[in-house]
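A.B. asks: Got a structure here, written out as structure tokens. Questions coming.
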Amino acid sequence: MTPAKLKEKAAKSFTVGEYLELDRESLERYQYLDGEVFLMAGETVRHGDISVNLTGELRSQLKGKDCRVLSRDTKTKSGGFARKLQQSKKGMFSYPDLVVISGEPEYHDDYRDIVLNPRVIIEVLSDSTELFDRRDKFMRYRMFNSTLTDYILVSQDKPQVEHFIKQDDNNWKLYAYFGLDEQLEIESIECRIKLSEIYDRVKFTRKELELLEEIKNERL
């Protein structure tokens, strides 16, 4: 779909087929939610450092195991399983910052660019996407991605990680980590990452660290 056609449809909703055509033909990346298409913004240096640190740690620890870590160019599908999918306007297609898959990837179609079996999804939060990541996106992941066991939110503005773990009763339990001296444990894939490694090269301001101390004191 050309930019001109995209502009024509700006005030309208997209079918899944139209979205996939747009996303596959474009050099930019788009996410999809029930007919709406969202252009993904470029990442900050801080966002990039955190993502690369996580990728490096996970890749190292998963080497030789039946799991792999995939980058932010990996698209996942959550919902949108209607019989006539191409004409449907229901479902979510998203680009998580990191995806861990156990075993071989399962794909949406012959293009092999949309995975269906994420085990762990990690999102690095930003001001423009945090609300979506916390609410709509997590809700869709819980509802439609049965293989998902861990959903992890990593803050940019302070050394804070929130880890949601699926329980045996299908509810999700939150574990929160605050400060560079703590360690994220992802038992489902047998990985442990120090927050000091996640935030390597990230320099926090005094105000950001003071805010973290306030949060930690509230926990006590």
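A.B. asks: Just one of the numbered conditions (1) assigned to a loop (DSSP other than H, G, I, E, B); (2) of a type in the set (Lys, Arg); (3) free of Cβ contacts under 8 Å to residues at least 40 places away in the same chain; (4) closer than 23 Å to Arg192 by Cα is not true of Arg68; which one?
C.D. replies: (1)
A.B. asks: So, in segment 154-168, how many residues would count as being of a type outside the set (S, T, N, Q) and not in a loop (DSSP other than H, G, I, E, B)? Can you show your working first?
C.D. replies: Within segment 154-168, the subset of a type outside the set (S, T, N, Q) is 154, 157-159, 161-166, 168.
Next, only the ones that are not in a loop (DSSP other than H, G, I, E, B) stay: 154, 161-166.
Of the residues in segment 154-168, 7 are of a type outside the set (S, T, N, Q) and not in a loop (DSSP other than H, G, I, E, B).
A.B. asks: Any residue in segment 50-59 that is of a type in the set (Lys, Arg) and modelled with pLDDT of 95 or more?
C.D. replies: Checking segment 50-59: at least one residue is of a type in the set (Lys, Arg) and modelled with pLDDT of 95 or more.
A.B. asks: Can you pull out every residue in segment 169-202 that is more than 17 Å from Ser155 (Cα to Cα) and in a loop (DSSP other than H, G, I, E, B)?
C.D. replies: Asp169, Asn170, Asn171, Glu190
A.B. asks: While we're on this one: Among the residues in segment 144-153, are any of a type outside the set (Gly, Ala, Ser), in contact with a Leu (Cβ under 7 Å, 6 or more places away or on another chain) and closer than 25 Å to Tyr199 by Cα? First the steps, then the outcome.
C.D. replies: Of segment 144-153, the ones of a type outside the set (Gly, Ala, Ser) are 144-145, 147-153.
Now drop any that are not in contact with a Leu (Cβ under 7 Å, 6 or more places away or on another chain), which leaves 153.
Okay, now just the ones that are also closer than 25 Å to Tyr199 by Cα, so 153.
Yes, some residue in segment 144-153 is of a type outside the set (Gly, Ala, Ser), in contact with a Leu (Cβ under 7 Å, 6 or more places away or on another chain) and closer than 25 Å to Tyr199 by Cα.
A.B. asks: On to the next question. Pick from segment 94-111 the residues that are among the hydroxyl-bearing types (Ser, Thr, Tyr) and modelled with pLDDT under 95: which of them is nearest to the chain's Cα centre (by Cα)?
C.D. replies: Tyr107
A.B. asks: Inspect segment 64-77 for any residue being farther than 19 Å from Val124 by Cβ and crowded, with 20+ Cβ neighbours inside 10 Å and give the result as yes or no.
C.D. replies: yes
A.B. asks: Is it the case, given these coordinates, that Asp34 is over 24 Å from Leu148 (Cα atoms), modelled with pLDDT of 90 or more and either surrounded by 13 or more Cβ atoms within 10 Å (Cβ to Cβ) or charged (D, E, K, R) (or both)?
C.D. replies: Details: over 24 Å from Leu148 (Cα atoms): no; modelled with pLDDT of 90 or more: yes; either surrounded by 13 or more Cβ atoms within 10 Å (Cβ to Cβ) or charged (D, E, K, R) (or both): yes.
Answer is no for this residue.
A.B. asks: Okay, next question. Pairs needed: first member in segment 134-163, under 19 Å from Cys67 (Cβ atoms); second member anywhere, among the polar types (S, T, N, Q) and surrounded by fewer than 19 Cβ atoms within 10 Å (Cβ to Cβ); C-beta distance under 7 Å; at least 6 residues apart or different chains.
C.D. replies: What qualifies is Thr147/Asn117; Thr149/Ser188; Asp150/Ser188.
A.B. asks: Can you run down the residue pairs with Cβ atoms below 6 Å, 6 or more apart or on separate chains, where the first is in segment 199-220 and closer than 25 Å to Gly48 by Cβ and in contact (Cβ under 8 Å) with a residue 60 or more places away in the chain and the partner is of a type outside the set (S, T, N, Q) and surrounded by 12 or more Cβ atoms within 10 Å (Cβ to Cβ)?
C.D. replies: Tyr199/Pro159; Arg201/Asp49; Val202/Arg46; Val202/Asp49
A.B. asks: Which condition breaks for Asp23 when tested against (1) part of a loop (DSSP other than H, G, I, E, B); (2) farther than 30 Å from Ile193 by Cα?
C.D. replies: All conditions are met except number (1).
A.B. asks: Within the bounds of segment 171-186, is there any residue that is under 15 Å from Val100 (Cα atoms), surrounded by fewer than 20 Cβ atoms within 10 Å (Cβ to Cβ) and either modelled with pLDDT of 95 or more or touching a strand residue (DSSP E or B) at 6+ places or on another chain (Cβ under 7 Å) (or both)?
C.D. replies: Yes, there is a match, as at least one residue in segment 171-186 is under 15 Å from Val100 (Cα atoms), surrounded by fewer than 20 Cβ atoms within 10 Å (Cβ to Cβ) and either modelled with pLDDT of 95 or more or touching a strand residue (DSSP E or B) at 6+ places or on another chain (Cβ under 7 Å) (or both).
The values are calculated or read from the model by the stated rules, or taken from the named source; none is laboratory data. Here the structure is a predicted model, which means the values were calculated and not measured. Note: ideal-geometry Cβ built from the backbone for every residue, glycine included; neighbour counts use all protein chains shown.
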